[in-house]
Amino acid sequence: MEDNIFLKGSQKPALEDFLQTHADGRENLGAELPVAIYRLLEYSLREELTERFGKDEQIRIFRSAGYRAGEYFAKKYLDLSLGLSEFTAQLQDRIQALKIGILRIEKLDEDTGSIILTVSEDADCSGLPIFGETVCNYDEGFLSGILSSYTGKTYHTVEINCWATGDRVCRFQAEATD
């Protein structure tokens with residue numbers, strides 16, 4: 001494929017095609033975007049999907065999209081050949097450097113693959129009002145995609161604490177399902 005992001009013919013663009021950036025594409029504004037604008041996109045999509053398909057389907061779609069992004073992120077931005085300690089340190093560094101949040105591993109059972117992770121200053125929800133429910137479904141999928149890509153096992157991740165439930169960090173429980 002050429003370096004050109006404009007695809008010819010009826011070729012369907014893939015995720016990586018949308019992530020390409022020409023150097024002069026945002027020469028004045030740069031690559032960063034305020035969290036409020038990111039949330040405007042995320043939460044307007046959440047509302048639209050919920051209205052059209054219901055809350056359960058909206059959650060499923062966000063998790064699925066997050067999983068796809070997590071797989072891509074892992075393959076593009078992480079060295080999947082590293083040992084667990086090095087991989088974890090690299091993942092923490094990348095997530096913080098890209099201003100997604102500050103990732104910590106609270107508990108890891110290497111025998112079962114069960115992991116409890118926290119993300120503070122999460123781009124999705126840190127600072128939101130208390131809604132009484134978790135809202136980081138995209139992050140659930142994103143973490144599952146990364147863990148699945150690294151381990152070769154299928155992971156399912158569920159948010160168990162969230163800023164929107166009154167907690168100061170998002171806490172996720174990730175389990176290998178095979």
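The values are calculated or read from the model by the stated rules, or taken from the named source; none is laboratory data. All values derive from a computational prediction rather than experimental measurement. When we count neighbours, we look across all protein chains shown, and the Cβ atoms used for this are built from the backbone with ideal geometry, even at glycine. What goes into the accessible areas is simple: the full protein's heavy atoms, side chains included, and nothing from ligands, DNA or RNA. Shrake-Rupley method; radii C 1.70, N 1.55, O 1.52, S 1.80 Å.
Assuming R0 = 41 Å, what is the FRET efficiency of Thr151 and Glu27, from their Cβ-Cβ distance, to the nearest 0.05? Computed FRET efficiency for Thr151 and Glu27: 0.55.
For the pair Arg60 and Gln90, the difference between a 0.36 nm per residue extended length and the Cα-Cα distance amounts to 8.0 nm. Entry comment: accessible area of the chain is 62 Å² per residue, from protein heavy atoms only and a probe of 1.4 Å. For the stretch 79-122, backbone nitrogen atoms closer than 17 Å to the point 7 Å from Leu41 Cα along Cα-to-C-beta are found at 98-101. Tell me which of Ser126, Ala97, Ser81 sits at the most positive position along the dipole axis of the stretch 69-178, charges placed on C-beta atoms (Lys, Arg +1; Asp, Glu -1). Going by the Cα projections, it comes out as Ala97. Annotation: extensible slack from Lys76 through Glu48 equals 7.1 nm (criterion: 0.36 nm per residue apart, minus Cα-Cα distance). Run the dipole for the stretch 51-178 about the Cα centre, Lys and Arg Cβ at +1, Asp and Glu Cβ at -1, nothing else charged, and hand back the magnitude in debye, nearest 20. Around 340 debye, computed over the stretch 51-178.
Counting only heavy atoms of the protein chains and using a 1.4 Å probe, Lys76 has close to 120 Å² of accessible surface. Overall, the accessible surface of the chain at a probe of 1.4 angstrom is composed of carbon and sulfur to the extent of 53 percent. Summarising the overall dimensions of the chain from its C-alpha atoms, the Rg and Dmax are 17.1, 50 angstrom. Calculated mean residue ellipticity at 222 nm for the chain: -14000 deg cm²/dmol, from DSSP H runs with n ≥ 4 weighted as -39500 (n - 2.57), summed, divided by the residue count and rounded to 500. Cross-link pairs exceeding 27 Å in C-alpha to C-alpha distance, out of Lys75/Lys99; Lys107/Lys153; Lys76/Lys153; Lys12/Lys76; Lys55/Lys107, comprise Lys55/Lys107.
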